[in-house]
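Report on the structure given below.
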Amino acid sequence: MRSAHLSVVSAQQGKAANVPAVELRDVSKTFKSRNANVDVLSGVNLSLASGEFLAIVGPSGSGKSTVLNLLAGLDQPSAGHVRCQGRRIDGVNTEIGYLTQHDSLLPWRTVEQNIAVPLAIRGLARSETNARVRDMIAQVGLEGFGRHYPAQLSGGMRKRAMLARTLIYDPPILLMDEPFGPLDAQLKLTLQADLLKLWSVRRKTVVFVTHDIVEAITLADRVLVFSARPSRIKLDEPIMIPRPREVHEVRFHPCFEEHYRRLWAALDVTATRRLT
Amino acid sequence: MTTEAVSEPSHAAPLASSNLVWLYRTLFVGVFLIAWQAASGTILDPFWVSSPSAIFRTVISWTLSGQLEYHLLVTFKETIAGFVLGAAAGVLLALLVGASDVLHRTVDPFVTAIYGVPKVALAPLFIMWFGIGLAPKIALAAISVFFLVFFSTLRGVREVDRKMVDALRTMGASRLAIQRMVIFPAALPWLFTGLKLGLPYGFVGAVAAEMMASNAGIGYLTQNAAGQLDTAGVFAALFALMVVTSLLNAALGRLENWIFRWR
């Protein structure tokens with residue numbers, strides 16, 4: 001199932017199948033501060049095919065978000081290298097859309113104006129910008145809120161607006177850092193369903209960081225478990241649940257329990273407790 | 001920020017209390033003026049403290065003769081010209097200096113040192129450089145406004161949320177686009193604080209320079225009245241200045257509310 005859709009995607013995008021969308025080779029990252037050096041990543045190797053949906057789980061403080069920052073080019077590895085579509089990343093990577101955990105909407109712009117930011121940066125004509133913004137607002141279910149300011153929206157709506165702003169410039173790779181973390185369970189399911197729907201249409205390469213094992217299994221083709229600091233990949237678990245998936249039914253699939261057990265064991269929560 | 005959206009129905013309460021505040025303000029002014037009027041000539045010598053009625057008469061006669069309008073306009077022009085120049089320079093330099101950490105750390109001690117100099121002390125220098133026309137007043141007003149706007153805006157630029165900047169960088173924004181879309185709007189509330197603080201100091205600069213060497217403006221009017229031992233004239237000139245600064249500050253406040261309607 002998985003290999004089937006991947007081959008479709010690589011054919012569509014006309015990319016050679018052997019060039020990974022994302023590649024980390026022997027990547028280590030040490031954060032230096034005045035009193036101490038913190039080793040966050042040590043020798044991480046990772047390769048991701050185009051159109052693949054990867055989830056990363058791990059104890060807090062493991063380098064999950066650091067991996068995303070390295071991919072975004074906002075941070076540079078201390079050792080090893082990071083490639084994106086075969087190109088080595090040495091500055092800010094504009095091939096990606098980065099949906100962070102924190103709210104990064106511009107509070108002085110309305111929802112419409114926020115979603116239009118990437119298009120304004122690219123100097124798109126106003127008429128086309130407006131058409132695409134309207135279309136995007138409909139796709140993420142924010143109709144009627146285009147003229148609202150972020151302060152007037154609920155947390156879930158702000159996430160939708162951020163997602164729309166990320167998708168509108170059609171980056172081939174999406175980085176998502178616990179995007180649905182602080183939301184309530186029901187809203188989380190709705191947004192997961194919407195994300196899967198949007199993803200199934202566009203088939204972008206996704207790296208999705210979460211602390212929620214169920215969310216990881218529900219969304220991803222593959223789940224990585226990171227160990228505690230300095231992190232390495234402890235488990236690389238392909239998810240066998242076929243697509244299209246229904247977010248509220250994934251957990252009743254016969255494979256779910258097996259995946260969950262293995263991921264939970266690898267996560268080693270008791271070790272995490274000792275650390276935090 | 002959020003309470004505004006949540007507390008929609010309770011808007012009536014602040015309105016009622018603001019009416020009350022206005023009532024108290026009126027009462028305060030009324031009581032103060034009556035007490036001043038009553039004390040003048042009874043327990044205080046009107047030569048030193050004048051009286052509200054005498055000041056009022058002076059204001060009326062100056063208004064009728066066109067004197068007040070003329071001098072106010074001179075001071076107003078000097079201040080506004082200085083304000084615009086100083087504020088523009090302050091904002092531009094703050095954006096420039098704030099964009100580079102090295103530059104910021106390099107210039108910081110010098111700017112702080114100059115900031116510590118009382119601006120009024122520069123008036124004689126400016127008069128020497130620029131003569132006794134409008135120029136030295138504009139320069140003194142500008143430099144007074146400049147530092148307040150510069151420091152305030154710089155603070156805003158330094159406190160911009162890095163996450164917004166990073167978000168725009170990953171979208172491919174140039175440095176200029178980030179300045180325009182994130183840093184400037186984020187620093188705008190600080191900039192406004194600087195403008196509101198700066199405006200009265202602009203007047204102080206202009207009036208101080210007028211007092212030293214001038215034949216027009218509110219500073220000249222005060223100095224002239226004092227020279228003639230006309231206490232009512234001094235008070236009248238200061239009163240006129242007070243009214244103008246209050247009105248301008250209120251206008252700035254309106255502008256601020258309109259610009260920050262997203263809050």
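Each reported figure results from applying straightforward, stated rules to the coordinates on display, with no laboratory input. Remember, it's a predicted structure, so these values are computed and weren't measured experimentally. We place every Cβ from the backbone using ideal geometry, glycine too, and count neighbours over all the protein chains shown.
Remarks
- Springs join every pair of Cα atoms under 10 Å in this Gaussian network model of chain B, and among B:S17, B:S152, B:S174 the largest mean-square fluctuation is at B:S17.
- Taking A:K29, A:K234, A:K159 as the candidate residues, the one with maximal mean-square fluctuation in a Gaussian network model of chain A, Cα springs under 10 Å, is A:K234.
- The charge dipole of the stretch A:42-184, taken about its Cα centre with unit charges on the Cβ atoms of Lys, Arg (+1), Asp and Glu (-1) only, comes to about 280 debye.
- Ordering A:A151, A:M162, A:M136 by Cα displacement along the dipole of the stretch A:107-170 toward the positive end leaves A:A151 in first place; charges were set at the Cβ atoms of Lys, Arg (+1) and Asp, Glu (-1).
- Scattering profile of the stretch A:107-170 at q = 0.29 Å⁻¹ [log10 I(q)/I(0), Debye over alpha-carbon scatterers]: -1.36
- At R0 = 30 Å, FRET efficiency that the Cβ-Cβ distance of A:L235 and A:K32 yields, to 0.05: 0.55
- Computed magnitude of the charge dipole of the protein assembly as shown (debye, nearest 20; Cβ of K, R +1, Cβ of D, E -1): 1040
- Each of A:S78, B:S18 was scored by other Cβ atoms within 10 Å of its Cβ. Listed from fewest to most, they are B:S18, A:S78.
- The stretch A:66-127 and the stretch B:37-59 have their alpha-carbon centroids 69 Å apart.
- Excluding same-chain neighbours fewer than eight residues apart, the aspartates and glutamates reachable from A:K197 by a Cα-Cα span under 14 Å are A:E246.
- Relative frequency of Cα-Cα separations exceeding 28 Å in the stretch B:50-259, percent: 39
- Distance in nm between pseudo-label sites at B:R175 and A:R147 (7 Å out along the Cβ direction from Cα): 3.9
- Proportion of all alpha-carbon pairs of the protein assembly as shown beyond 46 Å (%): 36
- As a proxy for reagent exposure, B:Y201, B:Y220, B:Y70 were ordered by neighbouring Cβ count within 10 angstrom, fewest first; the result is B:Y70, B:Y220, B:Y201.
- Cα centroid separation, the stretch B:88-114 to the stretch B:131-206 (Å): 11
- Think of the stretch B:50-259 as having a plus end and a minus end, set by charges on the Cβ of Lys, Arg, Asp and Glu; of B:F83, B:A135, B:V244, B:F83 sits farthest toward the positive end of this dipole.
- Highest mobility in the GNM of chain A, judged by mean-square fluctuation with C-alpha springs under 10 Å and restricted to A:M240, A:M176, A:M162, is found for A:M240.
- Shown here: the stretch A:108-247, whose C-alpha atoms stretch 48, 34, 29 Å along the first, second and third principal axes, sorted largest to smallest.
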